[in-house]
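Undergrad: My questions will all concern the structure given below.
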Amino acid sequence: MRIIIPSHIWEYVIATTLIILVPGPSVLFTIARAIAWGRMIAVATVLGNGLGVYLISIAVALGLGPILQHSALAYHGVQWFGGAYLIYLGYGAIKESAAHAEDMRSVSESRPSIPKTIRQGFIVGVLNPKTVVFFAAILPQFTDREKGHLSAQLILLGTIFAVIAFISDSLWGILAGTFREWLSTDVKRLIRMRVTGGVIMILLGIFTILNSFR
């Protein structure tokens, strides 16, 4: 399969990095495991989850690419849906920030092995229905129909997402494992991070919708 570089690749990298940096449920779960069991378990969790999410991104790319290639209406419709979905995610991050922060502190299972941790993370990543919606809504916005091979473009974007997500989430886990006491004693810090991230996602969603009319 040919490697096609979309024209908006750097905009995608910036937008993806901002989205991934927002401490969502998967990041909070990673932080929870880091606080409970340390850095190795946190990184293993991220690795398993990333493999599951990447598998979903490939499935979405292979199924969605041909549709977007042959339908301009579907192509622009996905852009509008993607912007609306980002706004929805941002609103949810703000609304549920306190609940997610409290959930992060409630891990009480016995320490799992590394292989079991990777397997658990993979199952969580591959069975999350929101992952399918996320990739279907976000990735197509940064493709170029004129260049063709949309499936190849979507796979490239999914790969970039997986790499950035693994690096970012692993850093969260390592930092959380290093500063376990500091993070576990003040829930307000996590709430503030979630609210800030929610605002960023809402702004990205608005920009995406406006940009689709250009």
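We did not get these values from a lab; they are worked out from the coordinates using the rules stated. None of the values given here were measured: they were computed from a predicted structure. All Cβ positions, glycine included, derive from the backbone under ideal geometry; neighbour counts span all protein chains shown.
Undergrad: Which shape class applies to the stretch 14-54: rounded if a/c is under 1.5, otherwise prolate when a/b exceeds b/c and oblate if not, where a ≥ b ≥ c are the square roots of the Cα gyration tensor eigenvalues? Spell out each step's value before the answer.
TA: Values: a/c = 2.57, a/b = 1.52, b/c = 1.69.
Since a/c reaches 1.5 but b/c is at least a/b, the shape of the stretch 14-54 is classed as oblate.
Undergrad: Expressed in nm to one decimal, what extension gain is obtained for the pair Glu146 and Met40 from 0.36 nm per residue of sequence separation less their Cα-Cα distance? Before the final figure, lay out the partial values.
TA: Numbers: separation 106, 0.36 × 106 = 38.16 nm, distance 4.43 nm.
Separation in residues times 0.36 nm, less the Cα-Cα distance, equals 33.7 nm.
Undergrad: Any idea how far apart Ser71 and Leu18 come out in nm if each label point goes 7 Å out from Cα toward Cβ?
TA: 2.9 nm
Undergrad: Given labels modelled 7 Å from the Cα in the Cβ direction, how far is it in nm from Ser7 to Ile123?
TA: 4.6 nm
Undergrad: Given points 7 Å out from each Cα along the Cα-Cβ axis, report the Arg111 to Thr196 separation in nanometres with one decimal.
TA: 3.2 nm
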